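Inspection log for the structure reproduced underneath, given as structure tokens.
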Amino acid sequence: MAASLPYPALHASHAGIWIASPDGETRGVSRGEAIALAAETPMIVLNAPLVGQRLGYPELSGLDLLELFAFIHPARFAVPTPKGLARAIGLAPPEDDASAAEFLRRAAQALLARSDDPHWAEREGAYGMAQSLQRLRWPWGGILLDTLKRPERNERWLFARLPEWEEKAPRAAPRSVSLALPDVIDRLDLLTGHGAEVRPGQRGYAEVVTEAFEPRARRDEPNMILAEAGTGIGKTLGYLAPASLWAERADGAVWISTYTKALQRQLNRESERLFPDPRLRRRKVVVRKGRENYLCLLNLEDALQGGFAGRAAILAQLVARWAAYSADGDMVGGDLPGWLPSLFRRNGSTALTDRRGECVYAGCPHYRKCFIERAARASADADIVIANHALVMVNAARGREAANRPSRIVFDEGHHLFDAADAMFSTALSGQEAIELRRWITGPEGSSRGRRRGLAARLSDVASYDDEGSRAISAAVSAAQALPSDGWLQRLNEGAPFGAIEALLAAVRGTVFGRDAGEDAGYGLETEMAELDGAIVEAAQPAAAALDAILRPLVALGRRLEAVMEDGPDWLDGQARARVEGAIASLGWRADMLGGWLSLLSRIGGPADPDFVDWLAVDRIEGREIDIGLHRHWLDPTRPVAEIVLKPAHGVLVTSATLKGGGDWDTAEARTGAPHLAHPPHRFEAPSPFDYATQAEVLIVTDVKKGDIAQLAGAFGKLIVAAEGGTLGLFTAIRRLRAVHARIADRLARDRLPLYAQHVDPIDTGTLVDIFRDDPRASLLGTDALRDGVDVPGESLRMVVMEGVPWPKPTVLHAARRLAGGGSAYDDRLIRARLAQAFGRLIRRADDRGIFVMLSSAMPSRLLTAFPAGTPISRVTLDEAAARVRQRLSSVTISGQEAAERITERK
């Protein structure tokens, strides 16, 4: 096989660059030589964008092993490092960076050999796909065709292979049942394993949360439980015990809602304890996400038929190959490797999902095989539906699936309920939102491809049948011409807005820049919607009229579609009915959005609404304007949550390890909507069983000067070296994160301490965490996304370093909530919650040990209650902190086998 693969391999890290030639020689090279050779000769690489970034040669292309792995083993997981790839394909990993280049050649040979293996499980469809990829000039295409055997029979194409879902009668309402506590404990023992260590906290937790599954006494008064269960209590199995028992006896579905995809994966794994049989588990446990997470088969078909070009077309082919083997079609956090879209610089991946609400439902030729529809129907018959906070709120707010609305809901990671509600129930009249509405109504502009064909194309049969509906469609398309179109930002910058909405946005831009009193650092700007000048007031009325002209025909069209459903014409078969129902739902969503925009515009020039916070903003990234708009958020977003989500339910459990966020129960209640219910919630608290006095320590470093990047970078470097890796670094600003990474990455690499970073490495966050988890000597720098929801037990995460106190950003929204919430006390509650969440990354198991380091001499003592009681806290110099870290953490004993087992178990 070596003779048939005459290509060198290139490996680049912060420690150096190496090339392995086909004759077996490996040598270190300079950056310039590596770039010159890569420009002339196709090279085997692992993660071309990352290698290109490290070379300073972003145009690098070649024979990327990750792309080959995605072809050979679609829907399989591999950590995208030499060691991770070695584990995935059963090879011995390279000993160091210098031997990694030769390993890449061996890995390529091993992967190509799989294509000649008679037991290769993913053979079907490979030959035809390789032919298509060769025509697209994919570097591996011709090589694969030399090794693949032509199939004896024509292969089934993707759309013929996918199974069809079946329509079923609606599920009956759940029966009213009460659970006996001994039965709940028996179910808990079954889940934990008979003879397992008894956890008193877990048993007490399971007994209390069972109340959420009891029949409610009165309408709009759910049995609500607020339960803070410290890390190590085992709350997941604690609530799965009564939840699964209730679902079984009541014949109903329990929706378990999370905030992070990591917890969704964990819950899916835990469900194996309930249903060991995979076939039964697929029926009983369903993971649900928003439709924007799933592959849209019609978008994929468009891409495969010429809608994508260049590298994006290659991505579409690899996604099609994955779709044939995917368990659920989930492109974001499912079994599509998170690193695959990043190999193509995210070029095209978002266009393969339905992110704009353009689904034609039963009008789609792939409707009966649609991943989204299959998941929705599977959840209707499931016992356990694993969803996320946003989806639960979306379904409730838009009235979708009302017949199947869950009567029992578990909000895990409940401390994020406020944030999820804040995002869900907000309003933004911005250029980006308006242009998306225009495209939804009118279809694509110019020669752009795709299936965003507009209302007229999607409802052509309705238009031909119903004259009033046809007129409403025409009126909506005509009125939508007033919305921003392509090039709107450039026109605003040139002072030449077109139409009433662009004129309004131009006035917003002028006001925001006119009022900005701070330094222009290239970041987004905002100002309160108060005491507005004449330009915005004058622009608001024509803009409102333009929006009203769109809203009226959309409302009329919705009514006509409902009338068509009642008339039941001959052409309205089952599929057409489903498509019209989908159109009614989409129209309702857009009408609600337009209603929110009109309400926001009515505020201009009038009195403020005390229930809302309104402001104007110019969004920018590194000085480049990306959007302009008017914004409205609820002052207390849990009010709509209580009305729309909580009151219709019979039982609600809101739980988290940091539900109180280092504060009190009043804080927890205020951020979960409990005060807006007539019946007060039941409170329960189970402290963590971990011995924080001996397992953990908090060090507050007092001699790192705030704002001094050199000192900050030096502190991070010194601490990571002292711990020998295993460090999670948390930043409050991307600019400082990048500056610190640039100063210390090469130096750490020379000590064989890899450093990865969000917003630096061209890798998605989930994959960065996978890489970090896989290597006890690696460290990871990140921002808020890594402060919560990261589960890395063991030696791989033994130190958390925060660059400073996570003070809230002084936005208009925060200022309003701070004023309403008690001033500085409100800030303290937020900071304590953030500190508690960050500290919670550190100790995940009984045998974990770790140190939490705060690089801030200004850390107020009043905030230290965020840390678990008994945790030692010391204020020290940087040298003292490094010595303490070295003494306690530098001995890493985790074995490669144990790391492999943890990765495998997680997946």
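Laid out as a table, the results:
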{"read-out": "Filtered residues of segment 25-56 (kept if among the small types (Gly, Ala, Ser) and surrounded by 18 or more Cβ atoms within 10 Å (Cβ to Cβ))", "value": "34, 38, 48, 52"}
{"read-out": "Looking only at segment 334-367, and only at residues there that are out of contact with any Ser or Thr (no Cβ under 9 Å at 6 or more places or on another chain) and under 19 Å from residue 388 (Cα atoms), the one that is modelled with the highest pLDDT", "value": "353"}
{"read-out": "Total residues in segment 70-97, condition in contact (Cβ under 8 Å) with a residue 24 or more places away in the chain and at positive phi", "value": "1"}
{"read-out": "Subset of segment 429-440 [out of contact with any Asp or Glu (no Cβ under 9 Å at 6 or more places or on another chain) and assigned to a strand (DSSP E or B)]", "value": "429"}
{"read-out": "Number of positions in segment 210-232 that are among the β-branched types (Val, Ile, Thr) and at pLDDT 95 or above", "value": "2"}
{"read-out": "Segment 57-66, residues that are part of a helix (DSSP H, G or I) and surrounded by 23 or more Cβ atoms within 10 Å (Cβ to Cβ)", "value": "65"}
{"read-out": "Condition met for residue 344 (over 17 Å from residue 69 (Cα atoms) and aromatic (Phe, Trp, Tyr))", "value": "no"}
{"read-out": "Residue 109 vs. criteria surrounded by fewer than 18 Cβ atoms within 10 Å (Cβ to Cβ), closer than 25 Å to residue 312 by Cβ and either modelled with pLDDT of 95 or more or among the polar types (S, T, N, Q) (or both)", "value": "no"}
{"read-out": "Members of segment 455-493 found to be surrounded by fewer than 23 Cβ atoms within 10 Å (Cβ to Cβ) and touching a Ser or Thr at 6+ places or on another chain (Cβ under 8 Å), listed by number", "value": "456, 463, 464, 470, 477, 481"}
{"read-out": "Out of 619, 609, sole residue that is acidic (Asp, Glu), without any contact (Cβ under 8 Å) to a residue 24 or more places away in the chain and surrounded by fewer than 21 Cβ atoms within 10 Å (Cβ to Cβ)", "value": "609"}
{"read-out": "Residues of segment 295-328 that turn out to be aliphatic (A, V, I, L, M), in contact with a Cys (Cβ under 9 Å, 6 or more places away or on another chain) and surrounded by 23 or more Cβ atoms within 10 Å (Cβ to Cβ), as a count", "value": "1"}
{"read-out": "Residue 67 being under 30 Å from residue 325 (Cβ atoms) and within 29 Å of the chain's Cα centre (by Cα)", "value": "yes"}
{"read-out": "Criterion (within 24 Å of residue 61 (Cα to Cα) and of a type in the set (Gly, Ala, Ser)) met by exactly one of 108, 121, 160", "value": "108"}
{"read-out": "Hits in segment 235-266 (condition: touching a Phe, Trp or Tyr at 6+ places or on another chain (Cβ under 6 Å) and either closer than 14 Å to residue 181 by Cα or among the aliphatic types (A, V, I, L, M) (or both))", "value": "238, 242, 246"}
{"read-out": "Top-ranked residue in segment 329-382 [being surrounded by fewer than 18 Cβ atoms within 10 Å (Cβ to Cβ), of a type in the set (Lys, Arg) and touching a residue at least 60 places away in the same chain (Cβ under 8 Å); ranked as farthest from residue 63 (Cα to Cα)]", "value": "377"}
{"read-out": "Matching residues, segment 112-126, being surrounded by 16 or more Cβ atoms within 10 Å (Cβ to Cβ) and either free of Cβ contacts under 8 Å to residues at least 40 places away in the same chain or assigned by TED's automatic domain parsing to the domain that holds residue 771 (or both)", "value": "123"}
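The values are calculated or read from the model by the stated rules, or taken from the named source; none is laboratory data. Owing to the predicted nature of the structure, the values given are computational and were not obtained by experimental measurement. Backbone-built Cβ (ideal geometry, glycine too); neighbour counts: all protein chains shown.
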